[in-house]
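K.L.:
Just dropping this structure here.
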Amino acid sequence: MESRQLILFLIEVLGTLAFAISGIRLAARKHFDWFGAYTIGVITAIGGGTIRDLLLGAPVFWMLSWMYLAVTALGFIIVCLFKKVLTSSSRSLFMFDAIGLALFVITGIEKSLLYGFPMWVAIVMGMVTGSFGGILRDVLINEEPLFFRKDIYATACLAGGIAYWMASLAVDEAIVSQALCALTILLLRWGTLRYGWHLPLMRDTTDPDTSSLQDNDTIRD
């Protein structure tokens, strides 16, 4: 395995673990049984990458190795062992979700470039890889998807992809582009949690209730 493919594989495994934990942890808070929680973890971890690979015409990544299902099982064990800590605060969900988001955006970009697609496609595939597993997770557990909330989520994926692209123009080292991409996403997600960063809300001027909206309300991301 070439060094770049090995790095991509390791990033994908770490992202799988982070997203699996975020999904299983949320399922635990909803009091799912063990099988249901593991299923949510699997869908969270592989959903975005599966859609990416289908769009790219690539072999679906988790069908090439049992490692991803095993890593999800490891995430399940971690949540079981540390359930009280992981389910007691929303910050733990944010931490694992943000880490998984950053890592999966990188894998989406890298794999798209590996298959010869242009950078703009790679940036979109980074967003798909990072976001769509979480969308499937939230839909299945009857939560409003983070993707559609006012929080900066999909926008963070796009910003991370643009940061990757800008770094790749300046430095011919993939690790620099990957690091800048991840840092951009993590900072934007942290700012969303810590300072309430968001985009402006679309307002329906025909709805009389919109007059009660505050000026600092935001558009769903």
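K.L.:
Subtract the Cα-Cα distance of His31 and Val176 from 0.36 nm times their separation in residues, and report this length gain in nm to one decimal.
P.N.:
Details: separation 145, 0.36 × 145 = 52.20 nm, distance 4.11 nm.
Between His31 and Val176, full extension yields 48.1 nm more.
K.L.:
Heads up, I need the accessible area for Phe148: 1.4 angstrom probe, whole protein in place, Å², nearest 10.
P.N.:
Looks like 100 Å² after rounding.
K.L.:
Right, another one. With an 8 Å Cα cut-off and a minimum separation of 6 or more residues, compute the relative contact order for the chain in percent.
P.N.:
The normalised contact order for the chain reaches 20 percent.
K.L.:
Along the charge dipole of the range 120-176, Cβ charges K/R +1 and D/E -1, which of Ile162, Val139, Met125 sits furthest on the positive end?
P.N.:
Of Ile162, Val139, Met125, it is Val139.
K.L.:
First compute the accessible area of the chain with a 1.4 Å probe, then give the percent of it belonging to carbon and sulfur atoms.
P.N.:
That share works out to 68 percent.
K.L.:
Let me ask another. Scanning the chain for helices, which whole DSSP H stretches are 27 Å or more long along the axis (Cα) and average 0.5 or more by Kyte-Doolittle?
P.N.:
The answer, listed by residue number, is 3-29, 34-56, 90-114, 119-140, 174-195.
K.L.:
So if I take the centroid of the Cα atoms in the range 106-145 and the same for the range 28-44, what is the distance between those two points in Å?
P.N.:
21 Å
K.L.:
Could you order Glu173, Glu143, Glu12 so the one with the most accessible surface comes first? Probe is 1.4 Å.
P.N.:
Putting Glu173, Glu143, Glu12 in descending order of accessible area: Glu173, Glu143, Glu12.
K.L.:
On to the next question. Placing unit charges on C-beta atoms (Lys and Arg positive, Asp and Glu negative, everything else neutral), compute the dipole magnitude of the chain about its Cα centre in debye, rounded to 20.
P.N.:
The calculation lands at about 600 debye.
The values are calculated or read from the model by the stated rules, or taken from the named source; none is laboratory data. Remember, predicted model here, so these are calculated numbers, not experimental data. Because the Cβ atoms are built from the backbone with ideal geometry, glycine has one as well, and the counts that use them run over all protein chains shown. We work out accessible area using only protein heavy atoms, side chains counted, and drop any ligands, DNA or RNA first. Shrake-Rupley method; radii C 1.70, N 1.55, O 1.52, S 1.80 Å.
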